[in-house]
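Colleague: Supplied in C-alpha cells, the structure appears directly below.
The values are calculated or read from the model by the stated rules, or taken from the named source; none is laboratory data. Since this is a predicted model, take the numbers as computed values, not measurements. As a convention, Cβ positions derive from the backbone with ideal geometry for all residues, glycine included, and neighbour counts pool all protein chains shown. We work out accessible area using only protein heavy atoms, side chains counted, and drop any ligands, DNA or RNA first. Shrake-Rupley method; radii C 1.70, N 1.55, O 1.52, S 1.80 Å.
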Amino acid sequence: MEHEQIHNLRFLIVDDDPFQREAAMMQLASIGARHVLCAESGAEALDMLRAQEASVDVLLSDLSMPGMDGMALLRHLAELEFQGAVILVSALDIAMLDSVSVMAKAYGLSLLGAMPKPLSRSKLLNLLMHCEPQHDGRAGALPRDNIPREEIIEALKRGEFEPYFQPKVEMASGRVTGVEALARWNSPTRGLLAPVAFLDAIESFGLMDALTWIVLAESAAIGRAWQAQGLLLTISINLSLSSLSHAELAERVFEEVAREGLDSSSVILEVTESAIMKAVGPSLENLTRLRLLGFGLSIDDYGTGYSSLQQLARVPFTELKIDRSFVKELMHQETTRLIIESSLDIARKLNLKVTAEGIETLEQWDALNALGCDIAQGYLIARPMPAEALPAWVAAWSLSAIHAERPGSRVAVDILLVEDEPFQRETYAEMLERLHLGRVDTAQNVTEALERMAVSRYDLIISDFDLDDSSGLDLVRRVRTHQTPASPDTRLILLSVHTDQDLVFRSIVLDVNGFLPKPTTPGRLREAIKQALDEDFTPKSPAYYLHADLREIEHDPTHVTELLAHAVEPTDANSPQYEGEKIPLSALKAGMVLVEPIYARGHTLVMNGGHTLTPTIISRLLEIREHLASPEVCVVLPPHLVRDSGRDE
C-alpha cells in the first residue's frame, strides 16, 4: 500500500486516554492519513459503527478501557460482522497482546496485528502496507467431496496412492539431509489429490493403517534406489494414530523396511503427541522397540498436544519437529518466539535435532537460523515432489538459492548505537551483533556519535533518549537537518525508559522511525529494525525540522497545537497577499493560501497567515480540528488555482 492509498483510508481510534488518542492521531497524520475518527470507549465506537456515520477501514483499539474493554469490543465487532481491519494497541505485556490476537482471529476478525504503546511509525506503516486482511478466518478451506468407502478401497488395491517427498535441509550449511514422505492420491477421475482432500475420509473409514503400510513400503524401496545412485538421505514417514496400539507394529515396520533392502537407520518415524496419548502402554512399547531396532523417532507437531514435556521424558526421541502453526506466528508474536527458543534449548540439552516445518518466508528462515534451529522444511525450500524429480532437485539445490531471493540484495546493515550507560551499551551491542545484520559501532554521547559519523557511514542509528551531554532527540534533529555527515533519510530508532506525552509527540514530529521502551528484547529489537529499514521514508525539508519546538511542553489541552505550530513548513515571507473567505476545514485544498492566523482554544497560535497549504498541513489541521478555536479558516485560491477550478466545472 502506497502513502497515497493511506490518504483514502478511514481510521477509527478507540482509547479512553486523551493523550493516547492525540498521539495516535499525530502518528497517523505523519504517514498521510486524512480521515480519522475518535471514540473514547468501546460503546461509543459501536454506536458510531451502528449509526453508519462513516465506513471504517482500519480500527485501532486499546484493550484496557473502563466500561467495555477492548476484548468485549472485539466480540461485538464480530457480532456486527465488521468488515474493516483491526490493529490492537496496548501497554499490556506481549503475552497478553498475543492471547488477544489469537482471540480476535478466532472471532473471524481481520487482524492486521498488535503493537505496544507508544505507536511506532514504521510498525504502523508495516501493518498497513504489508498485510492482507482476510475477513473470513476459514478462507481457503475448500469443501470436500463425500468420497465413498468403496472408491478408496479400490484405489488402495490399484496402487493409486503414492508418496511425494519434501526436502529437509540443514540450516547452517544448506546440505540436504533428508525428506519427508507425504501421501498423494493419483486418481484417474479426480486428479492428483493432496492429503487434505482424502485423509479425513480414510481415517473415518478405518483405512489409515492400509495407507501407512503402502507409504512405508514404497518409500523404503525408493530410498534404497536413491542410495544405489549415491543419494544418502533419511526418509521421515508418519505412523498412523491407530497403528501405535498394535503390539506387532515394531516388528512389522522392521520387516517391511528390511524387505526393500533399506537400513533402519535411514528411516525416521514421526508420531504426534496425541497419538501417544491414545494408548500409552502399547505406544511406549512400540516406540522404544523401534528405537532399539535402529529407527529414528520424531515427535511431530511439537507443542500442539497435551503433554509435550512428558512425552520427551518418557519416549527415546531423536528429533523434535516444531509445528507449522508456531513458525507461522514467529514473526508476529513475541510469546511464540520465546516458546520456540525454549524448545530449541530443551532439544539441545536432550541431544535432539530440531526440524522446523512450514517455513515459507525469508524472515522465518532468518529468525529460526538465528535461534539455532537445525533443519528447515517448507515451501521456501521446495514443495513436495515425485520421487523421480528429487535427485535432479538435490543436484541443483544450494543455500544461495534462498539468499538470491532476498529483496533489495541487502548484504549488510551498518549500525551506530548511542548509549551513555556502559552496561546497557554493552548489552544492546551484544544483542545487535547476535542478529548478524552487519557492523555494530557504539558511542556514549552525541559528540562521540558525530565523530563516528565523520569517518563511517551508517544505515541505522539507535540512540537512547537520555544521554549525558544532550538528548537523543537532539541527535535525531541534527541528522534530519543536514547537520551531520549522515544522510537525512538515515533510519533512526529511539530507546527510552520514558513514554510520557512530551517525548512521544516530539519523536513523531521529528519522524523517528521506531520507538522502543526500555528494557527491550532481541525479538522486539529485530522487529523494530526490520520495520525501520523496510519503511519507504522520505524526510521533509530541513526547515520543517528546524522549526519543530523541542522545548518542554506544558500538559494542557492545547499542547498538540503548540507543537504543530512550530512543525509546519514556513513559506516565503514575500508571498503575495490576498483577500480571502472563510470556508470549513473539510473544504481546504492544497495550494490555498492562509489569509488569517489559525488559533487553538485559549488563543494559542497554531499557524500564521501567509502559508500556502500543503497536503501535510491540511492533514494535520484536520486531525487537530477539535482543538481549534473555529471550525472555519480564512483562505484564498491563487489565480492559477481559480483558473484550474473553472476548467473543471
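Colleague: If HIS436, HIS35 are ordered by their accessible area, calculated over protein heavy atoms with a 1.4 Å probe, which sequence runs from highest to lowest?
Modeller: On the way: HIS436 150, HIS35 70 Å².
Result of the area sort, largest leading: HIS436, HIS35.
Colleague: Can you give the FRET efficiency for GLU426 and ALA72, using 1/(1 + (r/R0)^6), R0 = 35 Å, r = Cβ-Cβ distance, to the nearest 0.05?
Modeller: Once rounded, the FRET efficiency stands at 0.20.
Colleague: I'd like the distance separating the alpha-carbon centroids of region 437-471 and region 190-209, in whole Å.
Modeller: Going from one Cα centre to the other spans 60 Å.
Colleague: If each of ALA401 and ALA43 carries a label point 7 Å out from its Cα toward its Cβ, how far apart are those two points in nm?
Modeller: So the two model labels end up 6.0 nm from each other.
Colleague: I've got another one for you. I'd like the FRET efficiency for ALA91 and GLU151, computed as 1/(1 + (r/R0)^6) with the beta carbon distance as r and R0 of 41 Å, rounded to 0.05.
Modeller: On the way: r = 57 Å, r/R0 = 1.39.
Result of the calculation: an efficiency of 0.10.
Colleague: Right, here's the next one. Take peptides 14-26, 251-263 and line them up by average Cβ neighbours within 10 Å, highest first, as a rough protection proxy.
Modeller: Top of the packing list down: 14-26, 251-263.
Colleague: Still on this structure, please answer the following. For LYS349 and LEU309 in the same chain, what is the full-extension length gain: residue separation times 0.36 nm, less their Cα-Cα distance, in nm?
Modeller: Roughly 13.1 nm would be gained on extension.
Colleague: Between VAL455 and ARG158, what is the spin-label point distance in nm, taking each point 7 Å from the Cα along the Cα→C-beta axis?
Modeller: It is 7.7 nm.
Colleague: Modelled label-to-label distance, SER265 and TYR379, 7 Å Cα→beta-carbon offset: nm?
Modeller: The modelled label-to-label distance comes out at 3.7 nm.
Colleague: Given R₀ = 35 Å, FRET efficiency for GLN483-LYS518 by Cβ-Cβ distance, to 0.05? Show your work: numbers first, answer last.
Modeller: Details: r = 26 Å, r/R0 = 0.76.
After rounding, the FRET efficiency stands at 0.85.
Colleague: Compare the peptides 112-122, 387-397, 71-81 by average per-residue count of other Cβ atoms within 10 angstrom and give them in order, highest first.
Modeller: Details: 112-122: 22.2, 387-397: 14.0, 71-81: 16.7.
By packing density, highest mean first, the sequence is 112-122, 71-81, 387-397.
Colleague: What are the principal axis extents of the Cα atoms in region 296-404, in Å, biggest first?
Modeller: 41, 32, 21
Colleague: Compute the distance from the alpha-carbon center of region 352-399 to that of region 10-78, in whole Å.
Modeller: 42 Å
Colleague: Pairs to check: LYS328/LYS349; LYS105/LYS328; LYS105/LYS530; LYS349/LYS518; LYS117/LYS518; LYS168/LYS353. Give those whose C-alpha atoms are more than 20 Å from each other in this structure.
Modeller: Pairs exceeding the cut-off: LYS328/LYS349; LYS105/LYS530; LYS349/LYS518.
Colleague: If you don't mind, another one. Would you mind putting 182-194, 474-486 in packing order, based on average other-beta-carbon counts within 10 Å, highest first?
Modeller: The packing order, highest mean first, is 474-486, 182-194.
Colleague: Could you calculate the contour length gain from ARG289 to GLU632, that is, 0.36 nm times the residue separation minus the distance between their Cα atoms, to one decimal place in nm?
Modeller: Details: separation 343, 0.36 × 343 = 123.48 nm, distance 8.34 nm.
Fully extending the segment from ARG289 to GLU632 adds 115.1 nm.
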